[in-house]
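Please read the structure below before turning to the comments.
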Amino acid sequence: MSKIIVLMGAPGAGKGTQARLLQERLHLPQISTGDIFRALKNAQTPLAQEVREIMERGQLVPDELTIRLVKERTAQDDCNNGYILDGFPRTPAQAASLEKLATEQGNQIVAVLIDVPLEMLEQRMTGRRNCPVCGEIYNMYFKPPKNDNVCDFHPEAQLVHRADDNVETVKARLATYEEQTRPLVEYYKSANLLRTVDGTGEPEAIYKNIERVVAEQ
Ligand code: AMP
């Protein structure tokens with residue numbers, strides 16, 4: 001049975017970093033709903049405008065659209081042997097739709113919670129920077145690039161600070177997480193589908209733990 005690896009955790013917990021490592025090493029596609037919406041919001045359409053405003057407020061894009069995009073993406077051939085979800089599901093309705101999808105696709109869900117104390121998350125998010133070419137994730141406090149504000153692998157590229165990683169939106173995103181997404185942790189725990197890893201150490205050490213708990217399932 002193929003696996004759907006669901007990375008759970010608050011914004012800033014390191015889901016994106018770990019999803020990239022899993023993709024590279026397990027050769028499974030990584031599907032980040034945040035990345036999908038960031039690509040979508042730049043179009044000049046009323047829908048894009050709506051998504052942009054929701055993201056700026058640190059709120060969630062409506063379930064109907066989110067679920068439709070995930071269904072479309074996971075129906076593609078590269079998902080036949082399983083896939084990694086980063087940032088989905090975030091609401092009970094999304095979790096229910098994923099369960100249905102997993103049954104239809106004959107896949108098994110493995111949810112992994114990357115556990116990071118709330119007080120560490122704000123700094124992680126406001127310090128975060130990305131390479132616009134390869135997507136490599138840096139942090140000005142914890143993992144700075146070798147040279148000032150440029151990617152180690154693409155020195156021609158200035159790193160990008162996400163529009164929603166400012167202090168105000170970060171606070172709203174953390175509140176949204178507590179309200180709408182945290183209950184899913186309990187949901188997966190009671191269904192015995194959840195494994196928890198400590199998300200406070202080095203990315204490599206965290207990765208090793210994730211790889212182990214996924215293999216055990
Ligand atoms: P992320 O990169 O996962 O932190 O997502 C960035 C933003 O995209 C979130 O703050 C939401 O506005 C939106 N978003 C990402 N994933 C979802 C989802 N599963 N449901 C609703 N909104 C989402």
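Each value in this text was obtained by applying a stated rule to the coordinates, not by laboratory testing. Everything numeric here is computed off the predicted structure, so don't read it as measured data. Backbone-built Cβ (ideal geometry, glycine too); neighbour counts: all protein chains shown.
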Filter result for the condition that a residue is surrounded by fewer than 18 Cβ atoms within 10 Å (Cβ to Cβ) and within 11 Å of the ligand (Cβ to nearest atom), over PRO46, PRO89, PRO11, PRO62:
PRO62
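With the structure loaded, tell me whether ARG212 is of a type in the set (D, E, K, R), touching a residue at least 40 places away in the same chain (Cβ under 8 Å), within 19 Å of LEU26 (Cα to Cα) and in contact with a strand residue (DSSP E or B) (Cβ under 9 Å, 6 or more places away or on another chain) or whether it fails that test.
no
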All positions within the stretch 14-35 that are near the ligand (Cβ under 8 Å from one of its atoms) and either of a type in the set (S, T, N, Q) or buried (at least 20 other Cβ atoms within 10 Å of the Cβ) (or both)
LYS15, GLY16, SER32, THR33
It is to be established whether one or more residues within the stretch 140-159 are among the β-branched types (Val, Ile, Thr) and loosely packed, with under 15 Cβ neighbours inside 10 Å.
no
Right, LYS146: without any contact (Cβ under 8 Å) to a residue 40 or more places away in the chain, touching a Ser or Thr at 6+ places or on another chain (Cβ under 9 Å), more than 25 Å from PHE37 (Cβ to Cβ) and not small (Gly, Ala, Ser) or not?
no
Which condition breaks for ALA75 when tested against (1) more than 15 Å from the ligand (Cβ to nearest atom); (2) under 14 Å from the mean Cα position of the chain (by Cα)?
(2)
